[in-house]
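Chemist: My questions will all concern the structure given below.
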Amino acid sequence: MASRTEARPDLLVREAKDPISPVAGPYGHPFHPIFVTIPIGAWVCALIFDIATRVDANGSPALVEAAYWLVGIGIIGALVAALFGLMDLLRIPRRTRAFATGLTHMTLNLIVVALFVANFVWRHADYDELARVRVGQLVLSAVAIAILAVSGWLGGTLAYHFGVRVADEATQADDGFRVS
């Protein structure tokens, strides 16, 4: 009997499409991509507010505060998204390109979260004192967002190129393209 690592690629692909648990989302509809919108949106808005505080000649304490809270919301959202992403990663067969891509995606995301945690702690030290975000804080956010963009591209590769947690083509055709 062949081991899992010697299994046919089509069986490995099918295995990567099934949820590890119902908690991860039903077949063909994982929850991880839904939850990643929270940190992405929060962190991008925080960066926009950071830029706005630097562009305004007088600064804006309200935008500095809003950016601070958006960074915090993004961190919490990222931790939730990471739990669901880990469930999807654990479903990918080991020693495959898809698994290596998933590990890289996860590692980059952990780096992004660490950068935003550092940024949040740094901002906390200045909380209620600034009308403009510090240049270093803005740069740290911009670097983290750039890394996040690369990680997002890898996440897209997992879903759209490798088909991880995406319904197979027969299911897609049967469920979505049957003429009524």
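Chemist: Using a basic spin-label model with each label point 7 Å from the Cα along Cα→Cβ, how many nm lie between ASP18 and ALA142?
Modeler: So the two model labels end up 4.8 nm from each other.
Chemist: Moving on to the next point. Can you give the FRET efficiency to the nearest 0.05 for ARG8 and CYS45, using r as the Cβ-Cβ distance and R₀ = 41 Å? It would help to have the intermediate numbers written out before the result.
Modeler: Details: r = 46 Å, r/R0 = 1.11.
Approximately 0.35, to the nearest 0.05.
Chemist: How high is the relative contact order of the chain, given as a whole-number percent (alpha carbon pairs under 8 Å, six or more residues apart)?
Modeler: Working: 212 pairs, mean separation 57.8, N = 180.
Dividing the mean separation by the residue count of the chain yields 32 percent.
Chemist: Within 15 Å, Cβ to Cβ, of ALA52, how many net charges do the neighbouring residues add up to if Lys/Arg are +1 and Asp/Glu are -1? Provide the component values of the computation, followed by the final result.
Modeler: On the way: positive: ARG54, ARG132, ARG134; negative: ASP50, ASP56, GLU65.
Every neighbour counted, the sum reads 0.
Chemist: Along the charge dipole of segment 91-180, Cβ charges K/R +1 and D/E -1, which of ALA98, VAL135, ALA159 sits furthest on the positive end?
Modeler: Checking the options against the dipole of segment 91-180, the answer is ALA98.
Chemist: Label points 7 Å out from Cα along the Cβ direction at ILE111 and ARG178: separation in nm?
Modeler: 4.6
Chemist: A follow-up question, please. If r is the Cβ-Cβ distance from ALA159 to ALA57 and R0 is 30 Å, what FRET efficiency results, to the nearest 0.05? The partial results should precede the final answer.
Modeler: Working: r = 44 Å, r/R0 = 1.47.
Once the sixth-power term is evaluated, E becomes 0.10.
Chemist: Follow-up. In whole angstrom, how far apart do the alpha carbon centroids of segment 13-54 and segment 157-177 sit?
Modeler: After rounding, the separation between the Cα centres reads 18 Å.
Chemist: Let me ask something else about it. Residues in segment 22-55, backbone N under 18 Å from the label point at ASP126 (7 Å along the Cα-to-beta-carbon vector): list them, ranges by number please.
Modeler: 43-55
Chemist: Nearest 20 debye, what's the magnitude of the dipole of the chain about its Cα centre given +1 on Lys and Arg Cβ and -1 on Asp and Glu Cβ? Walk me through the numbers on the way to the answer.
Modeler: Working: 14 positive and 15 negative charges, 98 e Å.
The calculated dipole for the chain is roughly 480 debye.
Readers should treat all values here as calculations from the given coordinates under stated rules, not as data from a laboratory. All figures in this text were calculated on a predicted structure; none of them were measured in a lab. For neighbour counting, all protein chains shown are included, and Cβ atoms are generated from backbone atoms with ideal geometry for every residue, glycine included.
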